[in-house]
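Below is one structure; the comments refer to it alone.
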Amino acid sequence: IVTVPVATTLVAAPVVTQSKVASGEAIVINIPNASGGYTPVTLIKHKTGYIGPQGEYYEGHPTVEQLRVLYGN
C-alpha cells in the first residue's frame, strides 16, 4: 500500500495529486461524496490505463463520473 498525501482544499473541481510508486505512477483524485466532502481515490498507472483501489481497470484516464459510481457514496 502506498500512502500519498492529499491536498485538503475545498473546491468545486476534484483535486489531483501525483507520485511515483514501484510499479509506476500513482494519482489521487478527490471524488465528491454524498456527505458533502471528498473521498480520495488512488489510481495506479498500468500500461495505457489505470487500476483503481478495488482492482477495477480503466482504459485511459477515468472521469470523475466514472469514479463517483464506486466511490462517491
- Note on the structure: Here the residues within region 37-65 that are of a type in the set (S, T, N, Q), farther than 16 Å from Glu25 by Cα and in contact with a strand residue (DSSP E or B) (Cβ under 7 Å, 6 or more places away or on another chain) are Thr39
- Message: Just the residues that are in a strand (DSSP E or B) and in contact with a Phe, Trp or Tyr (Cβ under 9 Å, 6 or more places away or on another chain), please, taken from region 41-58.
- Response: Val41, Leu43, Ile44, His46, Gly49, Tyr50, Ile51, Tyr57, Tyr58
- What about Tyr50, is it modelled with pLDDT of 95 or more, among the hydroxyl-bearing types (Ser, Thr, Tyr) and open to solvent by 70 Å² or more (accessible area, probe 1.4 Å)? no
- Message: Pairs needed: first member in region 28-40, open to solvent by less than 70 Å² (accessible area, probe 1.4 Å); second member anywhere, among the aromatic types (Phe, Trp, Tyr) and not in a loop (DSSP other than H, G, I, E, B); C-beta distance under 8 Å; at least 6 residues apart or different chains.
- Response: Asn30/Tyr38; Ile31/Tyr38; Ile31/Tyr71; Pro32/Tyr38; Asn33/Tyr71; Thr39/Tyr71
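The values are calculated or read from the model by the stated rules, or taken from the named source; none is laboratory data. Just so you know, these numbers come straight off a predicted model, no measurement behind them. No Cβ is skipped: glycine too gets one built from the backbone with ideal geometry, and neighbour counts run over all protein chains shown. Surface accessibility is based on the protein's heavy atoms, side chains included, excluding ligands, DNA and RNA. Shrake-Rupley method; radii C 1.70, N 1.55, O 1.52, S 1.80 Å.
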